Amino acid sequence: MKFEAILSSRCYRSILAGAVIAFLLPALAVAQRSNDGSVYTRFGLGDRQTWNSARGQAMGGGGYALPSTLYINMANPASLSDQILTRFAGGLTYQTLTTSSDGFESGRLASGSLSGVHAAFPIKINKTGIGLSLAPYTRISYRIQDLNTIAGEMEDTGVIREYSGNGGLYALTGGIGHRLSDNLSLGVSAQMIFGLLEEAQSSRFNNSLYTDRTVEKSTRLRGATASLGARYVVPGLPRGKGLVFGATLTLPTTLSGERIAALTTSVGTDTLGTTTKGDASIPVTIGAGVAFQPSEKWSLVADLLYEGWSSFSSDFDFPGYDHTANADLNNRVRISAGVEFWPAGNRPFASYGAKIAYRAGLYSDRSYTSPDPDQIIRALGVTGGLSLPSLLPGTTIDLNVDVGRRGSTSNGLVHDRYIRFGLNINFGERWFDRLPLG
Amino acid sequence: MRTSVRQLPVRLLIPLLSFFLIAGCDDPSNVGQGLVDSQAGETRILEMDATSFEANELADLTGGNTASGSFYALFGQVDDPVAGNMIATGVVDFVPESQFSTAFTGGIVNFAELQFNIEYLYGDTTSAIQFELLPILSPWESSTLRSDSTIQTGTSIATYSVAASKGITKITLPQSWVSNFDQLLRSSGFSDEFHGFVIQPIASGAIAGIRFTNSQLRATAVPGDTTTYVLSKVGTLTAPLSSSIEDVVLLHDAGRSGLDIRFPIAGSESEPLMIHRVRMAFQAMNLADRYPTGFVRSFPASVGLRAVSNDGLTRLDILEVPINADGAFSFDNGTLTNIFQSANLEKSVLDRFEIYLPTDQSGVGFLAFPATAGLGSTFPTAELTVTPIN
């Protein structure tokens, strides 16, 4: 059987889709064990992560108003009403990071991580759809190592101090979107937020008179919230043009959890105190966006995201958050805009090159955490991407890039320069259709 | 050609997926250390003064046998220029060296003597030691005998005076005692039924120590043979001391008390710490100029440290170290570090340290330490290498 024939087999495609998703899921565990990220991921509950769709990611990271029958857009549950095909999507990100700070040599780090896994099914084609998503909500991944000397009475002793962290929270989302009319779609989703935040601090010596010690702290959190979404298509525009507004509201919630701390030496591990139980609040999230399609070839989006982290409270202390002070976090504001150029538009017989979609975007992200309460940490970046159609109808491979910087070297802070490459797979296929009789 | 271009994304998929998952750079840098240190703190030396340094109520273990414990029975009395009046009462017991001969068991004991091998002296070695010999009426355990234990004795057997000098000293037991103990001395139940002697000082300028080797009870039967009973158990009972120097605490071998020391390491007294090393240093006072010429003052050779629980039931020996010629010594090992660590994290039942003189030294020497609390404290200090826990 020829390769093309094998690929066109429905059975094969289903198996391939399942295999790729199965391949991505273990990445959850692998990616979360990485320690090769920015020190800024250490603070709060970790670095906020968003992966709504490969398409939205390449257009600045938003997409609250972005309509699409070709992607699962989890930014707005109302968008699930667009589904025509059963879809599976997943993505991985490879990041290279150059980090610098006054008085320190620059460091270069690289790591791979999971962007997210999506699945969506149309209940009624282009009218009602449901979607499922598993994606990181926050991510902690850092390791700082320093060789220092302790001036002792007898002799100077070298000490390697290391701070590291990994883990993060995940969001498991299930949503439904329904098109109430040609112009208005509404959606609702439920979100389970859960995960394990781990941090470790160790001091190791090159002298046997000293005892190496590591303190490991693990905080497990879980909770649920819900999102409401709406999307409105402005009526009366000429064919081929479109103007869409979208908004979402994610309700605040409280994650409950427990923290365990342990002290490790070369001879064993000893838990520190008893397991501490407590809560951590997740604030309200409001997203709003506009999408404009001047022609079938062009799409423009602009988005705003607000998260009210200044109201964050927790029974636990986190780096950058002292639970007794109660007001150490900042509200997160993310602004993004993007453009997509799709030369083929809706022409089904265009050349392969014309069927590639080209995307670009930019964003500004004011972080909700800061190592210094008086300093705001902001990330600025530009994004881009290619959507490569494949032999499988409705299936694309999306290659994204995100080049940005975060923080600064002033005031003792750290300046990150990063390049993130995204590899995303987007399967679409008609399932659950009744076969014609005869 | 067109087909191969369209196949390209699919064919690149798996290698790219693998790369994205596996790729990583394991080269941590120190960028960001400043941000973390501002919250966590650096590894540093922490000087920690003891909050208390005082005598406790626990009398020294002074019993010993040929296998373990003390190896001297001390007796005598000394008016020490620093420690005050020292009184040591010796306790000794004997067992037959071998099975009795039929010639011995068939005869009648008509002579018995004690032979003491004096190897330890403290005080005025030109003086004599006068003492009273008393019989012990009930069994006693050398392994649990302390300087404040009570030994049940009978009426005085005799009074003796011996020179305060090293070597073998013989004293003859009175004929009345020999007659009374004739049958027991020849009995196979001697070890169980004979409990030994107490050597109670009456007057002297020195304290002497009787060692196991060559110390014995000898009994001669007529007609017949001489039998030797070797020294099997020793012990020392002492009277409380009172130092003549103010603001001094004494660690007295065979004394009525040890020394407790506490550090502010636990719970609210200290922040949570990773403790990497602890060195606890002491400096005993130099008292040489307080003693007259000719006063023999043996100095303890080693000192030990143990951790003790609040109720005193748990006692963990940590380390024994030699004492330098200038009276300085320090404790520094992993066990000590781990005890500090556990205490700091409030996971230890041990709440104080105790300094002691190891039992096998068996002398009456002492160490004196300045002990002024508050401003200008001369309490000992522990040097801790720590990293604050974030």
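The values are calculated or read from the model by the stated rules, or taken from the named source; none is laboratory data. Here the structure is a predicted model, which means the values were calculated and not measured. We place every Cβ from the backbone using ideal geometry, glycine too, and count neighbours over all the protein chains shown. The protein model used for the area step is the full one, side chains on, heavy atoms only, and it has no ligands, DNA or RNA in it. Shrake-Rupley method; radii C 1.70, N 1.55, O 1.52, S 1.80 Å.
Comparing B:T144, B:T226, B:T293 in a Gaussian network model of chain B where C-alpha atoms under 10 Å apart are linked, the largest mean-square fluctuation is found at B:T293. The A-B contact accounts for roughly 5500 square angstrom of buried accessible surface, both chains included, probe 1.4 angstrom. Going by a ≥ b ≥ c, the root eigenvalues of the Cα gyration tensor, does segment B:199-299 fall in the rounded group (a/c under 1.5), the prolate group (a/b larger than b/c) or the oblate group? Because a/c hits 1.5 or more and a/b exceeds b/c, segment B:199-299 counts as prolate.
Across peptide A:142-150, the mean count of Cβ atoms from other chains lying within 10 Å of each residue's own Cβ comes to 6. Per-residue shielding of A:92-101, expressed as the average number of other chain Cβ atoms within 10 Å of the residue Cβ, stands at 4. The Cα atoms of segment A:283-438 cover 72, 39, 27 Å along the three principal axes, with the biggest extent listed first.
Look at the dipole of segment A:2-429 built from charges on Cβ: of A:T395, A:G384, A:Y142, the Cα furthest out on the positive end belongs to A:T395. Partners of A:K297 within straight-line reach, counting lysines whose Cα lies under 20 Å from its Cα and excluding those fewer than 8 residues away in the same chain: A:K241, A:K355. Note on segment A:2-429: with neighbouring protein chains present and a 1.4 Å probe, carbon and sulfur make up 60 percent of its accessible heavy-atom surface. In terms of overall dimensions, segment A:199-284 has a Cα radius of gyration and Dmax of 25.1, 81 angstrom. The phi torsions of segment B:203-219, fed into the Karplus equation with coefficients 6.51, -1.76 and 1.60 and a -60° offset, translate into couplings of 7, 5, x, 8, 10, 10, x, 9, 9, 4, 4, 6, 9, 7, 10, 10, 10 Hz, rounded to whole numbers, with Gly and Pro shown as x.
Equivalent ellipsoid of segment B:64-238: semi-axes from √(5λ) of the C-alpha gyration tensor, largest first, are 28, 17, 14 Å. The Cα atoms of the protein assembly as shown give a gyration tensor whose axes a ≥ b ≥ c have a/c of 1.5 or more with a/b greater than b/c, which makes the shape prolate. Hey, how many Å between the Cα centroid of segment B:285-361 and the Cα centroid of segment B:166-189? Between the Cα centre of segment B:285-361 and that of segment B:166-189, the gap is 41 Å.
Dividing the convex hull volume of the alpha carbon atoms of segment B:206-362 by its residue count gives 184 Å³ per residue.
Heavy-atom accessible surface of chain B, averaged per residue, reaches 42 Å², computed with a 1.4 Å probe.
Amide H contacts of A:Y137 (H built 1.01 Å from N, in plane; Pro and chain starts excluded): A:L169, A:Y170, A:A171 sit under 5 Å, all sequence-distant by 5 or more or on other chains.
Excluding ligands, DNA and RNA, the accessible surface per residue across segment A:2-429 is 39 Å² with a 1.4 Å probe. Dimensions of segment A:2-429 based on its C-alpha atoms, expressed as ranges along the principal axes with the largest first, amount to 83, 50, 39 Å.
Nearest 10 degrees, 0 to 90: what angle lies between the long axis of helix A:10-32 and the longest principal axis of chain A (Cα atoms)? With both axes taken from Cα atoms, the answer is about 20 degrees. Computed as a quarter of the hull surface, the mean projected area of the alpha carbon convex hull for chain B stands at 32.6 nm². Taking every C-alpha pair closer than 8 Å and separated by at least 6 residues, the mean separation divided by the residue count of chain A gives a relative contact order of 17 percent. In this structure, the amide hydrogen of B:F379, modeled 1.01 Å from its nitrogen in the peptide plane, lies closer than 5 angstrom to those of B:T372, counting only residues at least 5 positions away or on a different chain. Less than 5 angstrom separates the built amide H of B:T314 from those of B:S309, all sequence-distant by 5 or more or on a different chain. Among the GluC sites (Glu not before Pro) in segment A:92-179, those located in a DSSP loop and surrounded by at most 10 other Cβ atoms within 10 Å of their own Cβ are A:E153, A:E155. Converting phi to 3J(HN,Hα) with the Karplus coefficients 6.51, -1.76 and 1.60 and the offset θ = phi - 60°, segment B:330-340 yields 8, 10, 6, 8, x, 5, 4, 4, 5, 5, 4 Hz in sequence order, with x at every glycine or proline.
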